[in-house]
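S.K.: One structure, pasted below without further comment.
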Amino acid sequence: MKTTRILGIPYYVWMAIFIVLPLVLMLVLSLQARGSDDWTLDNFKNFFASENGMYMRIISDSTVLAGYSTVLCLLIGYPVAYFVSKLPSRQSSFFLIMLVLPTWLNFLLRTYSWMNLLGKNGLINKFLVFFGLKPMNLLYNNGAILLGMVYNFLPFMVYPIYSVMAKIKPTFLEAARDLGASEFQAFWKITFPLTIPGIITGIMMVFMPAVSTFVIPELLGGGQRMYIGNLIQHQFLQSGDWNMGSAVSILMMAMILVAMFILNKFDATGDKEDALW
Amino acid sequence: MVKKLQNLYIYLVLVFLYAPILVLAVYSFNASKSNRVWGGFSLKWYVALFSDREIMSALYYTLMCAIAATVVSTIIGTISAIGMHALNDFPRIKAFALNINYLPVINPDIVTGISLMLVFSFASARMGFVTMLISHITFCVPYVVLSVLPKLNQMDKHLIEAAMDLGASPMFALRKIVLPEIYSGIVTGALLAFTLSIDDFVISFFNTGSGVSNLSIFIYSAARRGISPEVNALSTLMVLCVSILLVVANLRSGKEIASK
């Protein structure tokens with residue numbers, strides 16, 4: 001119908017102003033030197049050839065840390081999704097609600113609460129002292145950051161995996177068992193391959209916030225080491241170098257888009273419009 | 001035996017997820033100001049909470065922004081989804097619009113937040129509630145569109161034609177046929193928008209100013225100097241509210257199933 005087509009127009013204008021224009025501005029800034037209007041690639045050159053490779057180190061550190069947290073989320077989360085999907089529906093819906101409930105509490109509060117648990121006089125160290133052990137330095141290191149990431153992003157891994165798992169017809173598994181497959185074989189040959197689209201969505205949903213967060217490293221890592229998110233935040237709010245900050249943001253965006261593109265190649269069933277949730 | 005181990009595993013993960021929340025809740029009843037020493041049971045932080053100017057203002061802005069962003073983005077999102085759906089004869093334009101719409105979903109929050117900040121600062125807008133609200137609407141609408149569109153795709157397109165053949169005006173057909181069909185998608189979109197807005201930190205952080213802060217920003221700025229126990233009390237109340245809402249929603253859907 002012709003008349004309904006025009007209903008989208010106000011939002012197209014909105015998207016042009018608040019989605020496209022902002023990114024174009026960012027791109028323009030990244031292609032100019034600080035305080036000049038001339039076009040240049042200096043920001044990107046500085047990025048890749050910085051003294052003692054500082055920027056490259058930040059990128060690789062962030063990628064490695066986000067990669068670890070994604071793998072941990074997958075290792076912890078996959079069995080959760082699998083076990084929950086095998087429960088009777090009343091129980092499984094109870095566990096699913098229990099799994100999302102924490103995500104409804106403010107993200108910063110949950111992270112802050114770990115500061116209380118891990119701190120020098122925190123509860124965990126109190127237990128250690130109580131049992132005659134030495135208190136440990138649990139807060140302000142990479143382990144604490146990793147813990148915070150797994151804690152915050154684990155539900156993002158469990159949910160997509162569970163939702164594809166719940167759709168697998170039980171008859172598939174029964175057929176496999178009837179034909180002589182062991183329980184493990186049935187899992188490995190049927191369940192696992194069918195859950196790959198869920199795993200891919202989960203990886204994207206965990207890796208992306210993990211690689212770009214600046215809150216978790218700052219609160220749980222004490223801001224001692226810089227990751228991409230902290231670097232961008234620092235460039236914009238502290239050192240005021242918007243051009244370099246834009247260049248780093250553009251690079252991070254490109255990195256994530258490339259990662260998503262590659263991951264989507266593995267996911268033959270990927271249909272953007274209907275498969276988001 | 002295997003079943004028991006599996007359940008044990010799920011419970012262990014739940015303990016991991018709930019331990020920090022439980023600690024917050026327990027310390028909200030602590031008479032001592034420290035989050036590390038137990039000084040006996042007290043409700044004083046709950047009383048103090050409601051007289052704390054800073055927290056109350058943050059709570060006010062958080063709720064106002066979430067409600068306004070949800071209402072506006074649900075309306076814009078639904079209308080635009082209907083408009084986009086009608087573009088089926090122009091698949092290229094539709095795909096292009098959808099890809100742009102998808103950008104805030106796949107972009108990291110920090111990129112969305114900072115790029116919006118750039119626009120506001122180039123337009124020399126005064127950073128405050130309005131800029132925060134605009135940025136919230138910008139990242140909420142895409143989720144509404146993405147929850148409504150699949151419902152429109154599932155809808156039988158002949159239904160509208162039938163209604164109009166029988167003399168319904170387009171507006172009447174929209175109200176009586178389309179809206180009821182896509183209702184569940186609209187509700188999902190609105191709920192998503194509300195939860196995203198109320199929990200947002202990064203995008204708000206870069207797009208607010210002049211004394212306007214939401215709860216996330218307040219907690220962020222307070223976390224490093226140590227948060228006062230009023231915040232523990234607030235978070236306990238928030239968990240309680242969410243749990244009650246979920247229980248009520250579950251009871252209702254349980255009743256619906258039972259009555260069928």
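The values are calculated or read from the model by the stated rules, or taken from the named source; none is laboratory data. Here the structure is a predicted model, which is why all the values come from computation and not from measurement. Neighbour counts run over all protein chains shown; Cβ positions are idealised from the backbone, glycine included. Note: accessible area is taken over every heavy atom of the protein model, side chains too, but ligands, DNA and RNA are not part of it. Shrake-Rupley method; radii C 1.70, N 1.55, O 1.52, S 1.80 Å.
S.K.: Go through (1) at the interface with another protein chain (Cβ under 8 Å from one of its Cβ atoms); (2) under 18 Å from the mean Cα position of the chain (by Cα); (3) buried (at least 24 other Cβ atoms within 10 Å of the Cβ) for B:L149 and report which single condition fails.
M.R.: Only one criterion is unmet by B:L149, namely (2).
S.K.: Report whether or not A:F44 is surrounded by fewer than 21 Cβ atoms within 10 Å (Cβ to Cβ), away from chain B (no Cβ under 12 Å), on the phi < 0 side of the Ramachandran plot and modelled with pLDDT of 85 or more.
M.R.: In short, yes.
S.K.: Just one of (1) within 11 Å of chain B (Cβ to nearest Cβ); (2) open to solvent by less than 70 Å² (accessible area, probe 1.4 Å) trips up A:F261, so point out which.
M.R.: Among (1) within 11 Å of chain B (Cβ to nearest Cβ); (2) open to solvent by less than 70 Å² (accessible area, probe 1.4 Å), the lone unmet condition for A:F261 is (2).
S.K.: Is there any pair with a first residue in segment A:173-201 that is closer than 16 Å to A:L74 by Cβ and a second that is aromatic (F, W, Y) and open to solvent by less than 60 Å² (accessible area, probe 1.4 Å) whose Cβ atoms are under 7 Å apart and which are 6 or more apart or on different chains, and what are they?
M.R.: Nothing qualifies.
S.K.: Mind listing whichever residues of segment B:4-37 are within 9 Å of chain A (Cβ to nearest Cβ) and not in a helix (DSSP H, G or I)?
M.R.: Once the filter is applied, which keeps residues that are within 9 Å of chain A (Cβ to nearest Cβ) and not in a helix (DSSP H, G or I), segment B:4-37 yields B:S34, B:N35, B:R36, B:V37.
S.K.: Among the helices (runs of 4 or more DSSP H) lying completely within segment A:110-196, list those that include at least 1 residues that are within 14 Å of another protein chain (Cβ to nearest Cβ) and surrounded by fewer than 17 Cβ atoms within 10 Å (Cβ to Cβ).
M.R.: The helices (runs of 4 or more DSSP H) meeting that bar are A:123-130, A:183-186.
S.K.: Just to check your reading of the model, which residue among A:Y55, A:Y68 is touching a residue at least 24 places away in the same chain (Cβ under 8 Å), away from chain B (no Cβ under 11 Å), open to solvent by 50 Å² or more (accessible area, probe 1.4 Å) and within 25 Å of A:I256 (Cβ to Cβ)?
M.R.: It is A:Y68.
S.K.: While we're on this one: Select, from B:I55, B:I21, the only residue that is buried (at least 21 other Cβ atoms within 10 Å of the Cβ), touching a residue at least 12 places away in the same chain (Cβ under 8 Å) and β-branched (V, I, T).
M.R.: Result of the check over B:I55, B:I21: B:I55.
S.K.: List pairs: first residue in segment B:203-229 and over 14 Å from A:L108 (Cα atoms) and more than 9 Å from chain A (Cβ to nearest Cβ), second residue open to solvent by less than 20 Å² (accessible area, probe 1.4 Å) and of a type in the set (S, T, Y) anywhere in the structure, Cβ distance under 7 angstrom, at least six positions apart or on different chains.
M.R.: Taking only residues 6 or more apart or on different chains, the pairs are B:N207/B:T131; B:N207/B:S135; B:T208/B:T131; B:P229/B:S28.
S.K.: If you take just the helices (runs of 4 or more DSSP H) that sit entirely in segment B:144-260, which of them hold at least 1 residues that are more than 30 Å from B:S124 (Cβ to Cβ) and assigned by TED's automatic domain parsing to the domain that holds B:S57?
M.R.: B:158-165, B:170-173, B:179-199, B:215-223, B:229-259
S.K.: Right, B:I110: at the interface with another protein chain (Cβ under 9 Å from one of its Cβ atoms) and out of contact with any Cys (no Cβ under 7 Å at 6 or more places or on another chain) or not?
M.R.: Against the criterion (at the interface with another protein chain (Cβ under 9 Å from one of its Cβ atoms) and out of contact with any Cys (no Cβ under 7 Å at 6 or more places or on another chain)), B:I110 qualifies.
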